[in-house]
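What follows is a single structure, written as structure tokens, with notes after it.
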Amino acid sequence: MDITGIYAGAYLARVRAVSAYDVSSIWRTSDLTQLNGKEGEPPAVASLTTTSLVFGIRTAWAFPAGAEDTQRTELWYGTTNSLDDATKLSDLAYPQAEYTLQGLAAGVTFFFWARLVDRTGNVGPWYPAGTGVMGQSSSDASPILDYLAGQISETELSQELNEKITDLADQVAALDGLSAYKEDQTYTTGDMVVAGNRIYQATQDVPEETPPPNADYWLDVGQSI
């Protein structure tokens, strides 16, 4: 058996045989042997990038050669570009190389750092070593508007709005041809006239010589501009 990715140090191995009947032999132990291997801390991540999302930020990183014994990636973030102010965002098990921060408001900015930890607990250097990688949640409303455009027409809200719009259109149409009250003319329910810079609507059929503001026949509905 070959064991790769070891650190330099003194190693001891032992082995035993197990029969088909689950009977074990005694252990055979090797001599304590000094072996050459990796020395020092794990390497830094090769890269760290961010992508703007609607209400979120996606981070992605790459592992360098020789990082196969990585146990996890530590991802840190902060509101300033100072690592001293950063806090741990998450521990991501190897080989995961992507993480999405969600639930943000539009245009929120964070700075990110990452470092590797190997299986023996050795911690690698920060990447980047100084100013963090900036990430910002998207402030582009287009995707949201596109989604709403496809959804709102199928809801009860749309039906209610359509009813109100239709009612308003009927009222606007009724204003077409609006004129001053005429003494020698009769009016039917719903007719509107202008009198004294006010608009009145007939609440019932109105006989001749029954001008506004007679409340028995007319309703004041607004000012004539």
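The values are calculated or read from the model by the stated rules, or taken from the named source; none is laboratory data. Predicted model, so just to flag it, every value in this text is computed and none were measured. Every residue, glycine among them, receives a Cβ derived from its backbone with ideal geometry; neighbour counts consider all protein chains shown. Quick note on the areas: whole protein, heavy atoms, side chains included, nothing else; ligands and nucleic acids left out. Shrake-Rupley method; radii C 1.70, N 1.55, O 1.52, S 1.80 Å.
Spot the failing condition for Asp191; the list is (1) modelled with pLDDT of 85 or more; (2) of a type outside the set (Phe, Trp, Tyr); (3) loosely packed, with under 13 Cβ neighbours inside 10 Å, and only one is missed. The failed condition is (3). Within the range 62-76, the set of residues being closer than 13 Å to Gly124 by Cβ, in a loop (DSSP other than H, G, I, E, B) and in contact with a Gly (Cβ under 9 Å, 6 or more places away or on another chain) comprises Gly66, Ala67, Asp69.
Residues in the range 118-176 that are modelled with pLDDT of 70 or more, more than 30 Å from Ala106 (Cα to Cα) and assigned to a loop (DSSP other than H, G, I, E, B): Arg119, Thr120, Gly121, Asn122, Gly124, Pro125.
For Asp85, the conditions (1) open to solvent by 20 Å² or more (accessible area, probe 1.4 Å); (2) over 30 Å from Tyr11 (Cβ atoms); (3) touching a Gly at 6+ places or on another chain (Cβ under 6 Å); (4) in contact (Cβ under 8 Å) with a residue 24 or more places away in the chain all hold with the exception of (4). Tyr7 meets all of the listed conditions (1) within 42 Å of the chain's Cα centre (by Cα); (2) in contact (Cβ under 8 Å) with a residue 40 or more places away in the chain but one, namely (1). Which of the residues belonging to the range 48-76 are open to solvent by less than 60 Å² (accessible area, probe 1.4 Å) and of a type in the set (Ser, Thr, Tyr)? Correct list: Thr50, Thr59, Thr70, Thr73. Quick check, is Leu92 closer than 21 Å to Thr70 by Cα and surrounded by 14 or more Cβ atoms within 10 Å (Cβ to Cβ)? So Leu92 passes the test. Once the range 31-45 is narrowed to residues that are open to solvent by 100 Å² or more (accessible area, probe 1.4 Å) and charged (D, E, K, R), the residue that is modelled with the highest pLDDT is Asp31. Elements of the type strands (runs of 3 or more DSSP E) sitting completely within the range 1-56 and holding at least 2 residues that are under 30 Å from Tyr99 (Cβ atoms): these cover 47-53. Filtering the range 200-219 to residues that are assigned to a strand (DSSP E or B) and either among the aromatic types (Phe, Trp, Tyr) or at pLDDT below 90 (or both) leaves Tyr200, Trp218.
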